[in-house]
Structure formats: structure tokens, C-alpha cells
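Participant: First the structure, which I've put down as C-alpha cells, then a few questions once you've had a look.
The values are calculated or read from the model by the stated rules, or taken from the named source; none is laboratory data. Nothing here was measured: the structure is a model prediction, and the numbers come from that model. Positions of Cβ are generated from backbone atoms using ideal geometry, with glycine treated the same way; all protein chains shown enter the neighbour counts.
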Amino acid sequence: MRSSNRLGSAVLGMALAALPALGMTHAKEVERVQTVPLGGTSSDFSGDKAYGVYVPTRFGGELTIKVSDGTVGEIAGPDGKARQNGHEVGENQQGWYTFKVTGATKPYTIETTFVQEGRSLRKPWNFYYWPTKADSIHEPWAGGNGRVDTQANPNSDDIQVRPFGSYVPPGEDVVRAGPNGLLETRVARGDDSTWFPNLYDDLTFMGADGTLYQTPSPLLKYDQIFGTSARAYESARSQNHDIQRWPGHCLGGAMASINLNEPNPDPRSGLTKDELKALWAELGENHLNHRIGDYATDIPPGPPRPGFDACDRFVPRFHAMLETHIRGQKQNLLGNLRAFPPRGTVNEVWNHGIGHYTATYHAIPGKGERAVKLEVVLEGNTGSSLNGQDNNPRINNYVYTLVYGLDGKVDETNPSTSDWISVGGECLYAPLNLLEVTQSNWAGHNPMVTEANLRSVDLANGGGGRFNGRLASGPPNFRPVGNYEGANRASMFANRSPDSDSASPRRGGLFRTLFGR
């Protein structure tokens, strides 16, 4: 923002007590100090003058002052101590910062910037959200013939969703995996198949073109390490068959990423890092096992617009969460940042660990020195990283206005004075929430996956040799589902509907392209 010397001519009266000289007492001398806006550029100044700029937040940041001609002198903070230009001002130092410009030989401009960065002590690590959508054969999304060409394998538990030969819209499922979680029907010409890595996968998957793909197999490997039936239990209870929704384990993955060190599997386990992260995500997915402290929640999606909208009143609470926890206490936060552009929908849930933000401050003309517009860059981890793909953080941009109190904290007593102006970057809507997680108990919906077992194979979170002799000779020779579980074990839960268990619904993210942003 720009203001001329005439428009920005408000002055700050500062009393400078003169020291007694030669036994005589001098009256207080008042120096007139020209104010300049925070985060703006003011022009048409001349001569040697003193200036003041107001920093409203007690949580600190970097204050930089530049002039087009002349020299910026010492910057004095509200405590009277000198500050180095372009450096951190310190905490609990909200108030006026004064400086002098000297030596200018022509009219000059003054530019001030104030940037606050918050960073948690432990950076949330990236993960994959492990969808619960059942593998399926479907009509192609484009170029199909409009009819069902595939019949379910009669020797499998695959489900024929639409009758063979009937009409089917583009993209609709025609055959889905049954309760054993494995798609065992070959794709007929004219149809296509969809597969995404999930917790209950086999060691391989046959693509529509006949290509055999190596797959992550978290629960199958877990079973063979610990002698459990966790894979069959999960496949019978957690499969989602709604082609419009792709829920998964983004809540569990985000919870693990903000609470635990990035998992490091003991090489004797045979687990990959992604598979071990998947198991922690399963333990963290049960939202009833996490205790929430401070929060900003139930924020409408918007999207926010300049002027009045339903998101505005949530600005003070939202930004107070950032300053208090990430900047002030260096804590990670959990947040549902909603959908990605360009085609995300308003009801999508994407949970992330959030441990970094940058806020750039701008004074608002005519609103007083404690009213500011903030440009906030929020960094969350990705929930779509598998095999090192899509390993960049999620970057959301928010612009909003708010008012600080004299104590340097966001004033939450009158939220109607705020305006959530816009969102951008990798978001379409305002976030649903920001949450402080104060305690987590690691117990998911699958009773066979336990915290003790995971810690025993995780070198970064308590493991290292505690296998009770089970893996003394190294990892098992992992066998596919059909070979390991056998015909009876593979169908041990086949009489249970995937939706019959009251604990089966999962909160998670909807599908996002796995190998691209």
C-alpha cells in the first residue's frame, strides 16, 4: 500500500526528557515523529526526520525498513532497546518502533515490511492416505461402449454390481472386490479397472492390460510377522463401494505425522517405510482416541470473498491458533484443509499435519495501527506420497484482516470487524478446522493391529530388537494371500457385510491423483 506524506501525516508525540545541564532544569522537549504504515510504502519525504511504525503482535517477527535515499539509523523498540534492521524484534515487544532517516539529498520513499514465521519443533512427515475404496472393474470414463462386458469370476467372492450386457454410464463399477478385499476377476475388453494401494492388498495386482504390479501390502506382511488375521478383518469391514467418495486414512496418517518421529522400519521386519506408516495410520484413524485442546472449528467453506461472508467471524480464532501454538509454543496442529483445486468439492475431507506458516503484515489505512491485513502462507504435509512420489508439502494461501489488542494478542472479542478476503494456492475453500492434539492413544478400529507390535518394528519410535525371537533370522518369506491365508482363512469374514460393523466408517480424504499434484 502507498501513502503520500500529506495523506499519512499523522504524528506520534514522543516526550524526550532533557538531561539537567549546569545545574539548570530544562522543560521536556517534544519531538514530532512522522508515522509510516507497517507493510507499506510512503513517499515524498525529505530531510533528516524521525519516524515511527507500529508492530501489533506480541509474538514477534522480522521488521525491515528501506529508504530510496539516505540512511536508516538505529531502530528503537518499545522497550527503548536497539533493534537490527531486518532482524527479529523479539516476543512481547508489540508497540511503536522509531528510527531516523538522515543524509538524503533528494525526496525519498520509506518501505516497511514485517514478516512473522511460525515453525514447529518437529516437522510433520508426509504420508499416503490409504483409501478404503474397493478395487473394481468399471466402464471407462471416456471411449467406452456403454455396456457391461465383464462377468464376475464365479470361483471368487467378487460382486457383480451391474448385470452382464446391461447399459452402464461412464465410470460406473460393474464388478467389485468381495469381502476378501481382492479383485479376482479379469477385465474383459471394453471395460477398465481401478486399483489404488490399500491396507489389505495382496503382494501383486493384475492390471487391465495384463501387467502384474508389485504392491505395498501392509496388513498382509503384518499378519505374517505377528501371526494375526488383521488383513482379512480389515478387508471385510472397511471397504467403501461409493464411486463418488474416496475415504481413507488421512486422519490416522496426519495424527501419526504430528505425534511420532518419521517411522523407520527395522530391516529384519521386511516392511517398507510406507507400509509401516500405513500401519500407524490404521492405529491413528480412530478419532475417539485423540484428545483435543484448543481449537478453531466449524468454519464455513465459503469460499471467502472481499466484504461480508460467513467465514469472516472465524478469522481471529483461526489466526490466534497459528500464533499461539505454532509460533508461540512450536507445536504441530491438525487441520482439515478441505479440497484441492481445480475440481475439489465442498464436502471433501483432507486432514494434514501443520507445522509451518508465514504471515506478512500490512496496515489498513484509516483503521488504526492495530488493524492489519495478513497474507498467510500455510504449509501442511502431503497425504499422497507413496514411494517418494508427490513428496512436496501442501501450500495454502489465505488473505484476511483482523485487529490486535493492546496486549499484542489477536482481539477475539469483536470478530465482526474481520474480513476473510480470499484463499489460493492448493485450496478452494476456507479450512474446516485447526486443532491442538493434546493426547493420543494408539488403538484403531482393527483390534489385531497394536501399538506394542508397531513400536517393536519401528526403530524411530521405540523399536530395536524387541521381537520376542520372532524375527531373529530376518524377515519372513512373504507369501500372497491365497497361499498364506488359504481358502478357509480368506473367507473367515466373508459372511460379514463390509458395512455391518458399527466401527467401520472412516474419516479420510477423497481421491487425489497419486503420482501428480
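Participant: Scan region 142-150 and give yes if some residue there is crowded, with 17+ Cβ neighbours inside 10 Å, out of contact with any Ser or Thr (no Cβ under 8 Å at 6 or more places or on another chain), without any contact (Cβ under 8 Å) to a residue 60 or more places away in the chain and of a type in the set (S, T, N, Q), otherwise no.
Facilitator: Looking through region 142-150, none of the residues is crowded, with 17+ Cβ neighbours inside 10 Å, out of contact with any Ser or Thr (no Cβ under 8 Å at 6 or more places or on another chain), without any contact (Cβ under 8 Å) to a residue 60 or more places away in the chain and of a type in the set (S, T, N, Q).
Participant: Another question, then. Exactly one of these conditions fails for Ala320: (1) modelled with pLDDT of 95 or more; (2) among the aliphatic types (A, V, I, L, M); (3) surrounded by fewer than 16 Cβ atoms within 10 Å (Cβ to Cβ). Give me its number.
Facilitator: Of everything listed in (1) modelled with pLDDT of 95 or more; (2) among the aliphatic types (A, V, I, L, M); (3) surrounded by fewer than 16 Cβ atoms within 10 Å (Cβ to Cβ), Ala320 misses just condition (3).
Participant: So which of Asp69, Asp79 ends up being at pLDDT 95 or above, over 27 Å from Leu406 (Cα atoms) and acidic (Asp, Glu)?
Facilitator: Working: Asp79 fails: over 27 Å from Leu406 (Cα atoms).
After ruling out the rest, the residue left standing is Asp69.
Participant: When you scan region 230-237, do you find a residue that is touching a residue at least 60 places away in the same chain (Cβ under 8 Å), of a type outside the set (S, T, N, Q), surrounded by fewer than 19 Cβ atoms within 10 Å (Cβ to Cβ) and over 24 Å from Gln389 (Cα atoms), even just one?
Facilitator: Among the residues of region 230-237, not one is touching a residue at least 60 places away in the same chain (Cβ under 8 Å), of a type outside the set (S, T, N, Q), surrounded by fewer than 19 Cβ atoms within 10 Å (Cβ to Cβ) and over 24 Å from Gln389 (Cα atoms), which makes the answer no.
Participant: Determine whether region 337-352 contains at least one residue that is touching a Phe, Trp or Tyr at 6+ places or on another chain (Cβ under 7 Å), within 16 Å of Glu436 (Cα to Cα) and part of a loop (DSSP other than H, G, I, E, B).
Facilitator: yes
Participant: Of all the strands (runs of 3 or more DSSP E) wholly in region 32-122, which have at least 1 residues that are crowded, with 19+ Cβ neighbours inside 10 Å and among the small types (Gly, Ala, Ser)?
Facilitator: Ranges flagged: 41-45, 49-55, 108-119.
Participant: So, Gly462, is that one more than 30 Å from Asn180 (Cβ to Cβ) and without any contact (Cβ under 8 Å) to a residue 12 or more places away in the chain or not?
Facilitator: Criteria met by Gly462.
Participant: From the list Thr150, Thr109, Thr185, exactly one residue is polar (S, T, N, Q), out of contact with any helix residue (DSSP H, G or I) (no Cβ under 8 Å at 6 or more places or on another chain) and under 30 Å from Tyr51 (Cβ atoms). Which is it?
Facilitator: When all the criteria are applied, what remains is Thr109.
Participant: Sticking with this structure for a sec: Residues that are surrounded by 15 or more Cβ atoms within 10 Å (Cβ to Cβ) and in contact with a Phe, Trp or Tyr (Cβ under 7 Å, 6 or more places away or on another chain): does region 156-168 have at least one?
Facilitator: no
Participant: For residues in region 399-447 being in contact with a Lys or Arg (Cβ under 9 Å, 6 or more places away or on another chain) and of a type in the set (D, E, K, R), which is surrounded by the fewest Cβ atoms within 10 Å (Cβ to Cβ)?
Facilitator: Going through the qualifying residues, I end up with Asp407.
Participant: Right, something else. Out of region 389-432, which residues are outside any strand (DSSP E or B) and under 23 Å from Val55 (Cβ atoms)? Show your work before the answer.
Facilitator: First, the residues of region 389-432 that are outside any strand (DSSP E or B): 389-393, 405-409, 411-418, 426-432.
Across region 389-432, the qualifying residues are Gly405, Leu406, Asp407, Gly408, Lys409, Asp411, Glu412, Thr413, Asn414, Pro415, Thr417, Ser418.
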